[in-house]
Amino acid sequence: MTDTPNTQDAHQAGPVHGDPQDARPPLRRSREHKVVSGVCGGLGRFFDVDPVIFRVVLGVLAVSGGLGLILYGFAWLLIPLDGEEENEARRMLSGRVEGPALTAVLCALVGCGLFLSMLNNSAVMSFALMLTIVMAGAAYWSYHRHEPEAEAAVAAAQKAQKTSAPPPETKAPPAPGGPSWWRDPIIKDGTTGPLGAETGYLWGPDDEPQDGRERPPARLRQARAGTPLGGWTFLTAVVAFCLGAGLTWRHHPLGTCLEAGLACALAVFGLGIAVSSRYGRTGGGTVVAAVLTGALLAGAAALPKSVSTDWTRTTWRPDAVAAVREEYRVGSGVGVLDLTGLAWPRAGTVATRAEVGAGRLRLVVPEDVTARITLDVGVGDIRLPGEARDDVDVRPGQKKRTTLEPASGKPSRGTLEVLLKVGIGQVEVDRGSS
């Protein structure tokens, strides 16, 4: 069976490439148009947005909470440089730790420090989040805005191929027709002019060489030799942590002490990475230790400020209403509030509160008293009368209100209104004989 002339021409012409994104360059960091590492230039080319917009937005995000530094640092690590296939993160994990990768990690660490320091400022965090969402939406719209035109060009080419005789030579769909800051040449008044004009491109050279020669393969950068500084950096960071935590241990909560020590250690890691980019070398272990230190710093910042550095065991047994305090508090340890020996006023109400930062809080109330109890546990367990001791349910953010009526057949001598609060640990309520 032989092909008809039309079929033979169609076979020679080849298939129509219908992907509207065929003409779009890959996501790479720019070599020619860069201020620091070419991240914004590469993003601008890929999303068809002027890179100045990315630079302004990331700059604003950097000073308003550090989110811009985090995004820029990770983009620097994950996006390869133009003409290369291997990014800085993969190169760093393979043992070729160099200045660009270390600088990117330092940039992300500084951003994490700023971000953690602004977590309590909801206004700044909300502004940074909204600006990030708006920028992401604008980039997505710019990325897809020329798809209908390219799809229409593909459909027209396919229709012309089927109906014309003989069929015209099949061509790839044209590039997006709208103006593009990196594709169209610039004329003297700053606007885009027709392709072929003898003016320079805002982006730089074309994607492919003009003389038809293939692009030479990217050369792998060799790891720079130097004095290993990873061990000394780690030891210095441990000493800095001990000094920072030790100087604040006696007069500040546990969370504040850990924050001071971890912040000093993180500063040492950042300084060591920066120094090694010029005078030595560090391995991936230093980077992992720095990231782990940042995560621990975030956990220390989340610790309740009521958690103290000393562990104590305290029991309160007031014997008169006048001896009942408004508040009972233990930083870290075990606190027991025993009200079984209290002389209750007839049909009266006693109100108080007890709090333990980290540990265990136990309340003992008489059998013939009505107890209205509000329980607030940050992370831990709540145990009420009648529950088994092995019934432990540790959950975050537990809040509960309960009322304990007097034992069956006993009239109520009075009413107790109490707030029990534990940051991390367990709160327990028991009935005791009066």
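The values are calculated or read from the model by the stated rules, or taken from the named source; none is laboratory data. All of these numbers come straight from a predicted model, not from anything done at the bench. Cβ coordinates were reconstructed from backbone atoms using ideal geometry, including for glycine residues, and neighbour counts include every protein chain displayed. The accessibility values were calculated without ligands, DNA or RNA, using every heavy atom of the protein model including side chains. Shrake-Rupley method; radii C 1.70, N 1.55, O 1.52, S 1.80 Å.
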Taking only protein heavy atoms and a 1.4 Å probe, the highest-to-lowest accessible-area order of 292, 363 is 292, 363
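Per residue and in Å³, how big is the convex hull formed by the alpha-carbon atoms of the range 337-434?
Numbers: hull volume 8.3 nm³, N = 98.
Spread over its residues, the Cα hull of the range 337-434 gives 84 Å³ apiece.
Residue separation times 0.36 nm, minus the C-alpha to C-alpha distance between residue 238 and residue 250: what's the value? Mind showing how you got there, number by number?
Details: separation 12, 0.36 × 12 = 4.32 nm, distance 1.96 nm.
So the extension gain works out to 2.4 nm.
What number comes out for accessible area per residue over the range 372-434 if the probe is 1.4 Å? Units Å², please.
Details: 3480 Å² over 63 residues.
Ligands and nucleic acids excluded, the figure is 55 Å² per residue.
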Carbon and sulfur %, accessible surface of the range 385-434 computed with the full protein complex present, 1.4 Å:
48
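Quick check: convex hull over the Cα atoms of the range 228-345, volume per residue in Å³, rounded to an integer? The partial results should precede the final answer.
Numbers: hull volume 12.4 nm³, N = 118.
Value for the range 228-345: 105 Å³ per residue.
Students sometimes get this wrong: rank 70, 424, 373 by accessible area, probe 1.4 Å, all chains present, largest first.
Working: 70 25, 424 65, 373 0 Å².
My answer, sorted largest first, is 424, 70, 373.
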Give, as a single signed number, the net charge of other residues whose beta carbon lies under 15 Å from the beta carbon of residue 389, with Lys and Arg counted +1 and Asp and Glu -1.
-3
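Calculate the FRET efficiency for residue 346 and residue 133 from the Cβ-Cβ distance with a Förster distance of 60 Å, rounded to the nearest 0.05.
Working: r = 62 Å, r/R0 = 1.03.
Here the calculated transfer efficiency is 0.45.
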Which residues qualify? For residue 328, with a placed amide H closer than 5 Å and at least 5 residues away or on another chain, they are 353, 354, 355
Let me check I've understood the local charge: for residue 254, count other residues with C-beta under 12 angstrom from its C-beta, Lys and Arg +1, Asp and Glu -1. What total comes out?
0
Arrange the residues 403, 286 by how much accessible surface each exposes, largest first, with a 1.4 angstrom probe.
403, 286
Counting only protein heavy atoms and leaving out ligands, DNA and RNA, the solvent-accessible surface of residue 124 at a 1.4 Å probe, in Å² to the nearest 10, equals 40
Output wanted: per-residue J couplings in Hz (rounded whole) for the range 36-42, from phi through Karplus 6.51 cos²θ - 1.76 cosθ + 1.60, θ = phi - 60°, x for Gly and Pro.
10, 10, x, 5, 5, x, x
